[in-house]
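Please read the structure below before turning to the comments.
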Amino acid sequence: MLAAAGYQLAVVDRSIDAANQTLAGLVESHKAYLTDITQEAQVSHLFNAVEAELGPVDVLLNFAGVMITPPGGQRPSIVDASLEHWEQTFAVNARGSFLCLREMLRCRQRRPVEHGRIINVSSTAAQIGGYNGSAAYIASKGAILSLTKIAAREAAPMGITVNCIAPGAMDTPMLRAVMPVEADAAYVKNVPLGRVGNAQDVASAALFLASAEAGYITGSCIDVNGGMRMQ
Ligand SMILES: NC(=O)c1ccc[n+]([C@@H]2O[C@H](COP(=O)([O-])OP(=O)(O)OC[C@H]3O[C@@H](n4cnc5c(N)ncnc54)[C@H](O)[C@@H]3O)[C@@H](O)[C@H]2O)c1
């Protein structure tokens, strides 16, 4: 959707196959980058490479995330959770989002752009205490909500807005690791719009937040959850 709207994309993933898959079918001006966002040096190298090859980053979509689940998809209880699980989850969802956001702000401090945008991804799980996600997942997504607000304050003088999207259940590989299609009927009983969401629903919100027209919105969170949770 962003490509169709005229954005040039740098698609970043720790799996180059996943990044290339995202770009499949698009014209060649976009580029895939292999980066593990938990690694400070890799994130710094990534931004250097993207800015040298494609130009200054106007819009950062901080979407990479993990929900680590044991085989079988059962949510580990807090009493059974390991510190390793907590650290691995926070490394991607909280630290990785922070590292990308910080690098974006550093780059834009050196070389401002007209409409800078940072769009983070939290989750309905962080707002309601979760469904199948672990405590580590839910708390790391809560960190994104707070990071969005402080970053919005700091980035405002640079003309950069910082917002987040809180999706409900979206039909992606992450969801399907913990929620089989057979469970959809029970889930959607609590969704006024009567269906599980999809990547396009989230992309639509991102496209709006990235636009110049969304320039007076910062520090906010857009719920994309079919009405499952209303403020
Ligand atoms: N699917 C849902 O129901 C749902 C709900 C709420 C929030 N979210 C959030 O939406 C975002 C996208 O999730 P998704 O459902 O598309 O998940 P997904 O698992 O389908 O995709 C996540 C991508 O992040 C990449 N990634 C993971 N760790 C990385 C790292 N260290 N460095 C670089 N890339 C890394 C993975 O390779 C993968 O391609 C995540 O932040 C997730 O927490 C998803």
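Please treat every number below as a calculation from the coordinates, not as lab data. These numbers come from a predicted model, not from an experiment. We place every Cβ from the backbone using ideal geometry, glycine too, and count neighbours over all the protein chains shown.
Things worth noting here:
- Semi-axes of the equivalent ellipsoid for region 10-224, Cα gyration tensor, largest first, Å: 28, 19, 18
- Mean Kyte hydropathy of 0.5 or more with a Cα span along the axis of at least 27 Å, helices from DSSP in the chain: 135-155
- Summing Cβ point charges (Lys, Arg +1; Asp, Glu -1) relative to the Cα centre of the chain gives a dipole of roughly 520 debye.
- Lysines with Cα under 26 Å of LYS149, excluding same-chain neighbours fewer than 8 positions away: LYS141
- Within straight-line cross-link reach of LYS31, aspartates and glutamates at Cα separation under 14 Å, skipping those fewer than 8 residues along the same chain: ASP13, ASP17, GLU51, GLU53
- With an a/c value of 1.5 or above and a/b not larger than b/c for the gyration tensor axes a ≥ b ≥ c computed over the alpha-carbon atoms, region 23-68 is described as oblate.
- Here the 3J(HN,Hα) profile of region 219-231, calculated from phi with Karplus coefficients 6.51, -1.76 and 1.60 at θ = phi - 60°, is x, 9, 10, 8, 7, 10, 9, x, x, 4, 10, 10, 6 Hz, Gly and Pro shown as x.
- With helices as the sole contributors, the chain gives -11500 deg cm²/dmol at 222 nm; each DSSP H run of n ≥ 4 counts as -39500 (n - 2.57), and the sum is divided by every residue.
- Distant-in-sequence amide H partners of GLY168 (H built 1.01 Å from N, under 5 Å): THR124, VAL224, ASN225
- Coil-residue trypsin sites (Lys or Arg not before Pro) of region 9-109, DSSP, other Cβ within 10 Å capped at 11: none
- Whole-Hz Karplus values for region 177-182 come out as 6, 10, 9, x, 3, 4 Hz, taken residue by residue from phi with 6.51 cos²θ - 1.76 cosθ + 1.60 and θ = phi - 60°; glycine and proline positions read x.
- Evaluated over region 21-121, the Cα radius of gyration and Dmax, each in Å: 16.4, 49
- In this calculation the C-beta distance from ARG111 to ILE78 is compared with R0 = 41 Å, giving a FRET efficiency of 0.40.
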